[in-house]
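The values are calculated or read from the model by the stated rules, or taken from the named source; none is laboratory data. Bear in mind the structure is a predicted one, so any value in this text is a computation, not a measurement. Virtual Cβ from ideal backbone geometry, glycine too; neighbours counted across all protein chains shown.
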Amino acid sequence: MQKVSKSIFREYDIRGIVPDELNEDSISEIAESIALKCHNESVDEVVIGRDGRLSGSSLLESLQESLNNNGINTINIGLVTSPLLYYAAKKRDSKSGIMITGSHNPKNYNGIKLVINDKPVSGKEIFKLSNISTTSKYSNGKNIFLDFKENYIAEVAKDFSFKKLKIVVDCGNGAAGIIAPDLLRAVGCEVVEIFCDVDGNFPNHHPDPGKEKNLIDLKKKVREVSADLGIAFDGDGDRLGAVTSSGELIYPDQMMMIFAKKILSDESGKTIVFDVKCSDFLPKIIKEHGGIPFMSPTGHFHIKNNIKKYNAVLGGEMSGHIFFNDIWYGFDDGHYSAIRLIDIINETGLSLDDLLDDLPISFSTPELNINVPEKDKFKIIDNFIENASIDGEKDLTDGLRASFKNGWALLRASNTTPKLVLRFEADSEKSLKMIQHNFLKELKKFLPNEDINLEY
């Protein structure tokens, strides 16, 4: 691959800055590699789509042309969310799809998420694509345009119907704007929209509901219109954020506790998968309600694989990716997760504030980030694990999660950005501050030249 930087091949997907790292030429070369992988796995058709980023249209066109030139038929579904792309792929015999998306990253990023034969292509399989060089020896494939949006909405709406609940939805000017408001209305909700027009400039706020600063407008609007709850999505609609009627943020691991209680009431004895960033209370609640908790490395690739491996009914990450595998398809789906949350509110007659109040009181931080050079982040983690003076039980599932008698601390490297990721939880505010202080003091020894300003 002459035109493609290998640095854009990441653990979970392909991701880079446009046009320096990712452009029409590099997409075309990557598509050649994907086409060869498809042929090797007896796949002759893939569903393709894009999110609302400014570069998406031209990159999708280049992707389609290269796949067709290399003997792969394409089903072009245009501007969609990643969940809608996954859904469309599930409905085709090939069970394969390619999504052009920058996810929750800044507007100058774009990338590829890839499913072949119903399996996410990540980890070693992603990196292999960077080494493939091929000359097409196949007859040209064909392209057709299809729309799966109405099929998706109809399938969800046949299972769910709600009394009039008022929902504020913030799509962050991302691709969820094309489906989330319509889906919510189809199941009977009164919908108040903010930032639901698709705009790849993201003029109102960054499209990442995992950061509380991006939910300020949502909280304000929920209180202003006396809504039952507010929901938000990232740029490609696979992450869910939520706030209560009082405007309080509910963390994704808290949502997982609520979902776990509900699902295990019907599916006792089943496994629920969650990532290393989640609260200690989550596995406790899973066990209390008859389930089997399994802690996984962070990343949709790992969560999906562990869901399949253990036939889990539910999976989730602190980032807001939630995977329903009971009556849904097991992929991360922000808008479907919103429906399931609303369903619990509708069925119980309780507000989201009530459901939140029923959970254990947690003294914790959100996900915290430290900016470090991309080339150094994994070395820093390895050095810290090997040499840091950390008392407590060490878990190396993903980075280092150290458990103490009164809480825990996590340090891992982000697989998608040049950052270290931290989170802390404790049994009191005092313990939380102590654990955080001691852990960061030790980390500073390994980052002597870094000003450790935690990014919320």
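For the structure I just gave you, tell me whether Gly102 is of a type in the set (Gly, Ala, Ser) and either in contact (Cβ under 8 Å) with a residue 60 or more places away in the chain or farther than 20 Å from Gly56 by Cβ (or both). Taking the combined requirement at face value, the residue satisfies it. Entry remark, region 331-349: residues being more than 22 Å from Thr81 (Cβ to Cβ) and among the acidic types (Asp, Glu) number 1 in total. A single entry from Phe274, Phe259, Phe294 fulfils the requirement of being hydrophobic (A, V, I, L, M, F, W, C), under 29 Å from Lys149 (Cβ atoms), at pLDDT 95 or above and within 20 Å of the chain's Cα centre (by Cα): Phe259. Where strands (runs of 3 or more DSSP E) fall wholly inside region 256-373, the ranges with 3 or more residues that are over 30 Å from Ser7 (Cα atoms) are 292-296. For region 252-263, the set of residues classified as buried (at least 20 other Cβ atoms within 10 Å of the Cβ) and either of a type in the set (Gly, Ala, Ser) or free of Cβ contacts under 8 Å to residues at least 40 places away in the same chain (or both) consists of Ala260 only. Scanning region 175-210 for residues that are under 16 Å from Val243 (Cα atoms) and surrounded by fewer than 17 Cβ atoms within 10 Å (Cβ to Cβ) returns a single hit, Glu193. Here is the figure for region 138-157: residues that are part of a loop (DSSP other than H, G, I, E, B) and closer than 29 Å to Asn306 by Cβ total 1.
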